[in-house]
Amino acid sequence: MLDDYFIRRPEDLLSPSLVVFKPLVERNLAAMLKVAGSPDRLRPHCKTHKMPAVVKLMLAAGIKRHKAATVAEVEMLADCGVRDVVLAYNPVGPNIDRVVALKKRYPDLRLGVTADHPKPLSQLSDAVGKAGQTIEVYMDLNPGRDRTGLIAGDEAFDFYCTIARTPHVKAAGFHIYDGHFHQADPAERLAALLEKFRPIQAMRDRLVQAGFAVPKMICGGTPSFPVYARIDDSGIELSPGTCIFHDANYGEKFPDLEIFKPAAMLFTRVVSRPLANRVTLDLGSKSVDGPAGHLPGHPGRHPGAAQRRAPRRRVAHRRSLHSRRLAAGHPPARLPLLGPAQGSVRDRERRPDRRLARHRPRSEADYLTRRSKDPVARPSCP
């Protein structure tokens, strides 16, 4: 395994760095195409890689449709030559104007967004109309994750009809993201998914019978990717993201994702050995979430098992990090003892800060000017 991650001249690399291994990316891309059966079924999410080089590999493989989470990601995709992008985010407030500006900047871009409420949809319609543009809108559906979207039923049916009748936008189908199907057994994952997906299919058929086109259903993420791929429905567009770089944890949790291989590694160096059994790396905890990864060749050990150099933080954060390590079943980091003048944020809210007590502002107005952002010691009402 480690031969796949051989770096010929590590002395030329700055650390910490994210190192991407192109042969493994190409291997994962080939596996993605094999699962999907055709590049026409794919609309991969770019949020994992955010890299023009990876987008160009996908375009060369025949993947023409893409998905993004931010306006900046859409711009990156468009600059790479992608001409069909869905911004999988409900634009509200100033982001409506950003979406319209994006469409004006790339007039030949087939741009779609998501929506689940009439008010921002109406605001989007007005803004797009003033700009003389047209934008596709996918109704965002909630398949049980309860993060965004409408549950398939009468309310969702009526809202899709509203999208179809709204000027300057085009009803393009459904957007369905499910990040909560974590069954290891593919058959159990499929059964759980179908329980939520069948009502969505039924609503789609009902809309079509009522005369409303539902061209596409953008479905799932990486864990549900191979499951949706098994469903025989020409309207499904598969939307994996993580599997292009892959995630070692996914490989352990989901046997049907073992065809993918981690294609990116964190490159770090030892900067000190303060004790015989401890090393300090230049990869601080602000750079990486230690409990989420594993060290190659050391199952169950993560980079957080060694103390990492990081900027000073509040005691409350360090205690939180300590608790996370214990909850994950890893050895606790050696943290400074909490003395009588320290403690968590909650502890300090229960008692006045002694330093602030000695240096009270002269008036409440002065206090609000100088201390309005301090959550620790607020003046009590007279």
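The values are calculated or read from the model by the stated rules, or taken from the named source; none is laboratory data. Given the structure is predicted, the values throughout are model-derived calculations rather than measurements. In this analysis, Cβ positions are derived from the backbone assuming ideal geometry, glycine residues included, and neighbour counts consider all displayed protein chains.
Taking the condition β-branched (Val, Ile, Thr) and out of contact with any helix residue (DSSP H, G or I) (no Cβ under 8 Å at 6 or more places or on another chain), does Thr48 pass? When the stated conditions are applied, Thr48 does not pass them. Checking every residue in the range 176-190 against the condition of being part of a strand (DSSP E or B), assigned by TED's automatic domain parsing to the domain that holds Arg83 and surrounded by 22 or more Cβ atoms within 10 Å (Cβ to Cβ) gives at least one match.
For Val71, are the conditions met, namely being surrounded by fewer than 17 Cβ atoms within 10 Å (Cβ to Cβ), more than 24 Å from Tyr250 (Cα to Cα) and of a type outside the set (S, T, N, Q)?
Yes; evaluated as a whole, the condition is true for this residue.
Answer with yes or no whether Lys64 is surrounded by fewer than 20 Cβ atoms within 10 Å (Cβ to Cβ), within 27 Å of Gly235 (Cα to Cα) and either modelled with pLDDT of 95 or more or outside the structural domain of Gly235 (by TED's automatic domain parsing) (or both). When the stated conditions are applied, Lys64 passes them. In summary, Gly129 fulfils each of the numbered conditions (1) in a helix (DSSP H, G or I); (2) of a type outside the set (S, T, N, Q); (3) surrounded by 17 or more Cβ atoms within 10 Å (Cβ to Cβ); (4) out of contact with any Leu (no Cβ under 6 Å at 6 or more places or on another chain) with the single exception of condition (3).
Within the range 185-222, the set of residues being touching a Gly at 6+ places or on another chain (Cβ under 8 Å) and among the small types (Gly, Ala, Ser) comprises Gly221 only. The strands (runs of 3 or more DSSP E) found wholly in the range 215-279 and carrying at least 3 residues that are farther than 23 Å from Leu24 by Cα and outside the structural domain of Leu193 (by TED's automatic domain parsing) occupy 270-275.
Give Leu14, Leu59, Leu2 a once-over and let me know the one that is over 24 Å from Tyr89 (Cα atoms) and in contact (Cβ under 8 Å) with a residue 12 or more places away in the chain.
Just a single option satisfies the conditions, and that option is Leu2.
Quick check: is even one residue across the range 2-19 touching a strand residue (DSSP E or B) at 6+ places or on another chain (Cβ under 7 Å), part of a helix (DSSP H, G or I) and of a type outside the set (S, T, N, Q)? Yes: the range 2-19 contains one or more residues that are touching a strand residue (DSSP E or B) at 6+ places or on another chain (Cβ under 7 Å), part of a helix (DSSP H, G or I) and of a type outside the set (S, T, N, Q).
For the range 28-51, check the following and say yes or no: at least one residue is out of contact with any Lys or Arg (no Cβ under 8 Å at 6 or more places or on another chain), assigned to a loop (DSSP other than H, G, I, E, B), buried (at least 21 other Cβ atoms within 10 Å of the Cβ) and in contact (Cβ under 8 Å) with a residue 12 or more places away in the chain. Yes, the range 28-51 has at least one match. Condition test on Leu77, is it within 21 Å of the chain's Cα centre (by Cα), touching a residue at least 40 places away in the same chain (Cβ under 8 Å) and assigned by TED's automatic domain parsing to the domain that holds Ile218? The answer is no for Leu77.
Residues of the range 82-108 that are surrounded by 17 or more Cβ atoms within 10 Å (Cβ to Cβ), in contact with a strand residue (DSSP E or B) (Cβ under 7 Å, 6 or more places away or on another chain) and not in a strand (DSSP E or B): Val82, Ala88, Tyr89, Asn90, Pro91, Val99, Leu102, Lys103.
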